[in-house]
Amino acid sequence: EALDRIQALEPKLHSFLCVTADRALQQARAVDAKIAAGEEIGLLAGIPIGIKDNMCTQGIPTTCASKMLENFVPPYESTVTQKLADAGAVMVGKTNLDEFAMGSSTENSAYQVTANPWDLDRVPGGSSGGSAAAVAAKECVVAIGSDTGGSIRQPASFCGVVGMKPTYGLVSRFGLVAFASSLDQIGPFGRTVEDTAILLRAIAGYDPKDSTSLKVEIPDYAKALRPNFKPRGQLRVGFIKETFGEGLDSTVWQAVTKAIEQLQNLGAEIQEISCPRFRYGLPTYYVIAPSEASANLARYDGVKYGFRTPNADNLLSMYTQTRAAGFGKEVKRRIMLGTYALSAGYYDAYYLKAQKVRTLIKQDFLRAFEKVDILVCPTAPTTAFKVGENTEDPLGMYLNDLMTIPLNLAGLPGLSVPCGFDEKGLPIGVQLISNVLREDLLLQVAYAYE
Ligand code: GLN
């Protein structure tokens with residue numbers, strides 16, 4: 001059914017960079033055979049899933065939506081996709097993204113622009129726009145994305161699905177093509193909180209192949225969800241007052257305010273919380289993320305793998321021409337920003353300063369979590385915008401992640417859950433945030449709200 005749906009919708013939607021139909025059918029038949037033989041099946045047996053195309057899949061192209069990796073077929077499997085396969089999930093294809101996950105609209109893909117299923121003239125958000133659109137359009141049941149500054153939560157909000165960025169270190173990054181290693185985290189998309197919880201359990205857990213992986217027990221998130229969750233004053237929810245200011249669409253403001261009222265009706269005690277350094281998240285991120293990206297992307301030099309220019313006559317021109325032709329505009333912008341911020345003489349003024357501000361932002365959250373259990377704010381300041389609307393305005397595009405970025409800087413988990421529609425019928429998301437490793441509580445509150 002998923003493959004039929006993909007065939008019918010892809011000509012308009014373009015959520016997938018590659019569809020792995022034969023392999024999917026083979027995997028699905030293997031599950032059928034297991035069931036017929038009375039053998040045990042995995043947590044996700046037979047569930048069609050989309051994988052963002054920045055996760056390495058052995059024998060299957062992994063392009064990061066970049067020309068640089070057009071012909072790259074990884075010789076190894078990422079931990080997350082291996083875990084999914086072990087759980088019986090059936091990968092139907094690799095989903096579109098902004099090149100190397102840099103962007104907020106999926107328009108930075110070198111191959112295609114993914115449409116928002118709710119309005120084909122609008123973007124699905126990004127950078128995991130393909131995964132969000134595929135789940136919203138029922139081309140697959142669940143999907144995997146990566147979130148460095150909001151790339152799961154913002155597209156989830158734009159496409160009316162649930163999307164979650166887990167605590168930094170909960171999900172292994174082994175085999176995820178690195179963008180900004182201290183911020184990158186893989187996470188789940190689902191149409192419901194329960195699906196999201198099931199998928200999170202399947203991908204989470206310690207991995208010796210990732211040095212930042214956390215050694216923690218993974219609870220059965222979905223089993224712990226209670227339909228009649230009634231906290232009666234035991235749940236303290238804080239709305240971040242600084243996020244309800246300038247630049248926030250009035251319809252988003254209304255929908256999120258209503259969501260907060262609904263949380264109150266469930267029995268949560270609502271407080272106003274101030275995170276005064278929250279607004280420095282964006283400028284801090286745009287020093288740290290490009291700095292790390294410039295180092296991570298140094299490996300694409302035409303020597304080891306990926307694209308190599310055919311036109312060079314010496315080594316240096318091979319490097320420069322390969323990088324000039326292989327990377328898109330936004331990726332080059334990030335590399336320029338990053339190498340500048342890291343260069344001698346500027347390091348202290350920009351990179352070191354940004355690291356200090358990062359600590360202050362973390363402290364704001366720590367203080368907030370002394371007073372409340374869950375924080376709430378809009379996921380994105382607007383609903384889905386038109387294709388092309390922000391492409392000439394990189395700063396305008398960056399503003400999309402104003403409310404999602406601080407969590408990556410602090411390593412906290414956050415989730416976007418649908419909370420209504422604007423006057424054009426476009427979905428709106430509300431972001432719920434918990435302290436580190438409280439995904440159980442985060443999912444429970446989202447589930448009770450949903
Ligand atoms: N939109 C942000 C950026 O362009 C975040 C991307 C992400 O989370 N991968 O960097």
Problem - Boolean, Tyr221 is of a type in the set (Phe, Trp, Tyr), touching a residue at least 12 places away in the same chain (Cβ under 8 Å) and over 30 Å from Thr63 (Cβ atoms) - result: yes
Practice task
Test Ala65 against the stated conditions and say whether it is part of a helix (DSSP H, G or I) and of a type in the set (A, V, I, L, M).
Solution key: no
Handout entry: Among (1) crowded, with 24+ Cβ neighbours inside 10 Å; (2) not in a helix (DSSP H, G or I) - the single one Leu443 does not satisfy
Key = (2)
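For every residue, the table says whether it meets (1) in contact with a helix residue (DSSP H, G or I) (Cβ under 9 Å, 6 or more places away or on another chain); (2) of a type outside the set (D, E, K, R); (3) closer than 23 Å to Arg299 by Cα; (4) away from the ligand (no atom under 15 Å from the Cβ).
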position: Ser78; (1), (2), (3), (4): no, yes, yes, yes
position: Gln82; (1), (2), (3), (4): no, yes, no, yes
position: Asp86; (1), (2), (3), (4): yes, no, no, yes
position: Val92; (1), (2), (3), (4): yes, yes, no, yes
position: Ala101; (1), (2), (3), (4): no, yes, yes, no
position: Thr106; (1), (2), (3), (4): yes, yes, no, no
position: Asp121; (1), (2), (3), (4): no, no, no, yes
position: Ser127; (1), (2), (3), (4): yes, yes, yes, no
position: Ala137; (1), (2), (3), (4): yes, yes, no, yes
Completion exercise
Of the candidates Ala115, Ala110, Ala87, the one satisfying the condition of being surrounded by fewer than 24 Cβ atoms within 10 Å (Cβ to Cβ), hydrophobic (A, V, I, L, M, F, W, C), over 15 Å from the mean Cα position of the chain (by Cα) and under 26 Å from Ala204 (Cα atoms) is Ala87
Exercise for the section: Might you let me know whether the range 279-294 holds any residue that is among the aliphatic types (A, V, I, L, M), touching a residue at least 60 places away in the same chain (Cβ under 8 Å), surrounded by 15 or more Cβ atoms within 10 Å (Cβ to Cβ) and farther than 30 Å from Ala180 by Cβ? Expected result: no
Fill in the blank from the handout: Restricted to the range 86-100 and to residues being touching an Asp or Glu at 6+ places or on another chain (Cβ under 8 Å) and among the aliphatic types (A, V, I, L, M), the residue farthest from Ala30 (Cα to Cα) is Leu97
Problem - Evaluation of Gly42 against (1) assigned to a loop (DSSP other than H, G, I, E, B); (2) of a type in the set (Gly, Ala, Ser); (3) surrounded by 23 or more Cβ atoms within 10 Å (Cβ to Cβ) (one fails), failing number - result: (3)
Handout entry: Odd one out for Ala110, checked against (1) of a type outside the set (D, E, K, R); (2) in a loop (DSSP other than H, G, I, E, B); (3) within 12 Å of the ligand (Cβ to nearest atom); (4) touching an Asp or Glu at 6+ places or on another chain (Cβ under 9 Å)
Key = (3)
Completion exercise
Flagged pairs (Cβ under 7 angstrom, 6 or more apart or on separate chains; first in the range 400-426, free of Cβ contacts under 8 Å to residues at least 60 places away in the same chain; second of a type in the set (D, E, K, R) and away from the ligand (no atom under 16 Å from the Cβ)) are Ala410/Lys362
Fill in the blank from the handout: Given (1) crowded, with 17+ Cβ neighbours inside 10 Å; (2) on the phi > 0 side of the Ramachandran plot, Leu69 misses just (2)
Practice task
Please find, within the range 264-289, the residue that is farthest from the chain's Cα centre (by Cα) out of those that are hydroxyl-bearing (Ser, Thr, Tyr) and within 12 Å of the ligand (Cβ to nearest atom).
Solution key: Tyr286
Completion exercise
Of the residues in the range 240-259, those that are buried (at least 21 other Cβ atoms within 10 Å of the Cβ) and under 22 Å from Leu366 (Cβ atoms) come to Ile240, Thr243
Exercise for the section: Would you mention how many residues in the range 370-417 are in a helix (DSSP H, G or I) and within 16 Å of the ligand (Cβ to nearest atom)? Expected result: 14
Exercise for the section: Determine which single condition Asn400 fails, assuming it passes every other condition in (1) at pLDDT below 95; (2) more than 21 Å from the chain's Cα centre (by Cα). Expected result: (2)
Problem - Options Leu366, Leu360, Leu316, Leu352: the member that is part of a helix (DSSP H, G or I), under 30 Å from Ile270 (Cβ atoms) and free of Cβ contacts under 8 Å to residues at least 40 places away in the same chain - result: Leu366
Problem - Those strands (runs of 3 or more DSSP E) lying entirely in the range 133-228 with at least 1 residues within 17 Å of the chain's Cα centre (by Cα), surrounded by 24 or more Cβ atoms within 10 Å (Cβ to Cβ) and basic (Lys, Arg) - result: 162-165
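The values are calculated or read from the model by the stated rules, or taken from the named source; none is laboratory data. Small disclaimer: the values here were computed from a predicted structure and weren't measured. In this analysis, Cβ positions are derived from the backbone assuming ideal geometry, glycine residues included, and neighbour counts consider all displayed protein chains.
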